[in-house]
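J.: I'd like to ask you about the structure that follows.
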Amino acid sequence: MSVVLVINSGSSSLKYSLMDMEREVPLAEGLIERIGQDIGEITHTVRRIAEPGEPAPTVLDTQHRSERRIADHDEAMAVMLEQFAEHGPRLAEHPPVAVGHRVVHGGARFFAPTLIDDLIEINIEDLSVLAPLHNPGAVAGIRAGRRSFADVPHVAVFDTAFHQTLPPAAYTYAVERSVAQRHRIRRYGFHGTSHKYVSEQAALFLGRPLGELKQLVFHLGNGASVTAVDGGRSVETSMGMTPLEGLVMGTRSGDVDPAVVLHLSRVAQMTTREIDELLNKRSGLLGLADRADMRDILEGVEKNDPRAKLAFDVYIHRLRAYAGAFIAQLGGVDVISFTAGVGENAVRVRAEALATLGFLGVEIDAERNAARAPGIRRISSDASRVEVLVIPTNEELEIARQAEGMA
């Protein structure tokens, strides 16, 4: 059995998954939260996987929860090892052939999964200037992981890597060239691991060559982005230099006039830190309706709450605007896919997002769209000229695949 350990390390959290690469399923998953705070929270879930021919077990998962203070990422890594030792599966019996690390920002330097050595680690840390909320946590996880698994190759998989195929016209901002070059200002795009996985799964599901498909992929979760994928290559994406640009999200504003920042600084005397927090943590659905979860927004819409209705309308308006613009850049579209928490579960969001695309031959089947089913499913009608799919994303599996390929 080939096993890969996937690490997704944040500033105060460490998420992990032990992947069985033969069956491409997790043997165990865990989340360690509130690192460096008074009380840390630990969740370790052991997956029960039915063998071929074996009846599916009644209870698939065994979850273990506990709390304790966790000083730093080194201690979090030690706690992870304790969880495997106490609750299984034992790493001595399932030793990882590689450790894959999710890294949000690879700048313009990294365009593929990369074996981590001391120099690569320094380069990832250097990119923290572009992702101050994300890359420092990733570096802390990488350092702790390399100390705990010193004899195993460690591979960085970058959220931005898939978007390195963007043409200059798509990634260049119309900012004075010397300033942009000096400060690395350009569109990088994010959620690339998910967009890559989903676009490839769409081609497999349809039984068509990836290289011949023009695709639109909506990754709609608390963070949200849309990417135009032409022949398997990202050619346009909504997130920019940071994950703030683009669609309306749970707490992020998405697109605003840049002069809003200047206005708030000049008129409201807000500091850059305050504006950063406003646009990233107190805007989006939360800012419009005092709730960040789309399920709560939809409940409010059903109850005729005007704030929820406005938030939903703004959210859908932005989805439609990006769909039209990106389809124009593609010169047509063969497949539209929805993924992530909102994309996979919000029936009304999918229906409303595509409601104005009938002129392109996009037609949703209401019954298929409303059906709840695991795995990939088609929600377009048989008469639709464009395939519309719901595809559960699996970033951990994609990271594990790329890490195993470098081992």
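The values are calculated or read from the model by the stated rules, or taken from the named source; none is laboratory data. All of these numbers come straight from a predicted model, not from anything done at the bench. Cβ placement follows ideal geometry from the backbone for every residue including glycine, while neighbour counts extend to all protein chains displayed.
J.: For region 49-88, which positions are of a type in the set (D, E) and either at pLDDT below 90 or in contact with an Asp or Glu (Cβ under 7 Å, 6 or more places away or on another chain) (or both)?
T.: Selection gives E51, E54, D61, E67.
J.: While we're on this one: Sort through L247, L298 and tell me the only one that's touching a strand residue (DSSP E or B) at 6+ places or on another chain (Cβ under 7 Å) and either closer than 27 Å to A202 by Cα or outside any loop (DSSP other than H, G, I, E, B) (or both).
T.: The unique qualifying residue is L247.
J.: Counting residues that are of a type in the set (F, W, Y) and in contact (Cβ under 8 Å) with a residue 60 or more places away in the chain, which helices (runs of 4 or more DSSP H) fully inside region 304-392 reach at least 2?
T.: 306-330
J.: Another question, if that's okay. For region 178-218, what are the residues that are part of a helix (DSSP H, G or I) and either without any contact (Cβ under 8 Å) to a residue 24 or more places away in the chain or acidic (D, E) (or both)?
T.: S178, V179, A180, Q181, R182, E200, L204, L210, G211, E212
J.: Can you tell me which residues in region 225-244 are in contact with a strand residue (DSSP E or B) (Cβ under 9 Å, 6 or more places away or on another chain) and either in a loop (DSSP other than H, G, I, E, B) or not assigned by TED's automatic domain parsing to the domain that holds Q329 (or both)?
T.: G231, G232, S238, M239, P243
J.: Could you please let me know if D255 is without any contact (Cβ under 8 Å) to a residue 40 or more places away in the chain, surrounded by 14 or more Cβ atoms within 10 Å (Cβ to Cβ) and either under 25 Å from A321 (Cα atoms) or in the same structural domain as R295 (by TED's automatic domain parsing) (or both)?
T.: no
J.: Could I ask something else about it? So, in region 213-253, how many residues would count as being among the small types (G, A, S), in contact with a helix residue (DSSP H, G or I) (Cβ under 6 Å, 6 or more places away or on another chain) and over 20 Å from N394 (Cβ atoms)?
T.: Count: 5.
J.: Given the conditions (1) crowded, with 21+ Cβ neighbours inside 10 Å; (2) within 21 Å of S199 (Cβ to Cβ), report the number of the one that I327 does not fulfil.
T.: Among (1) crowded, with 21+ Cβ neighbours inside 10 Å; (2) within 21 Å of S199 (Cβ to Cβ), the lone unmet condition for I327 is (1).
J.: Which of the following residues is closer than 21 Å to V198 by Cα, surrounded by fewer than 16 Cβ atoms within 10 Å (Cβ to Cβ) and either in the same structural domain as L27 (by TED's automatic domain parsing) or of a type outside the set (A, V, I, L, M, F, W, C) (or both): G332, G341?
T.: G332
J.: When you look at S283, is it closer than 29 Å to L360 by Cβ and either in contact (Cβ under 8 Å) with a residue 24 or more places away in the chain or in contact with a Leu (Cβ under 7 Å, 6 or more places away or on another chain) (or both), yes or no?
T.: Considered against the rule, which asks whether it is closer than 29 Å to L360 by Cβ and either in contact (Cβ under 8 Å) with a residue 24 or more places away in the chain or in contact with a Leu (Cβ under 7 Å, 6 or more places away or on another chain) (or both), S283 comes out as no.
J.: Okay, next question. When you go through (1) buried (at least 16 other Cβ atoms within 10 Å of the Cβ); (2) small (G, A, S); (3) out of contact with any strand residue (DSSP E or B) (no Cβ under 9 Å at 6 or more places or on another chain); (4) at positive phi one by one for G361, which number turns out not to apply?
T.: (1)
J.: Moving to a separate point now. What single numbered condition from (1) surrounded by fewer than 20 Cβ atoms within 10 Å (Cβ to Cβ); (2) over 30 Å from L213 (Cβ atoms); (3) free of Cβ contacts under 8 Å to residues at least 40 places away in the same chain; (4) in contact with a Gly (Cβ under 6 Å, 6 or more places away or on another chain) fails to hold for G231?
T.: (2)
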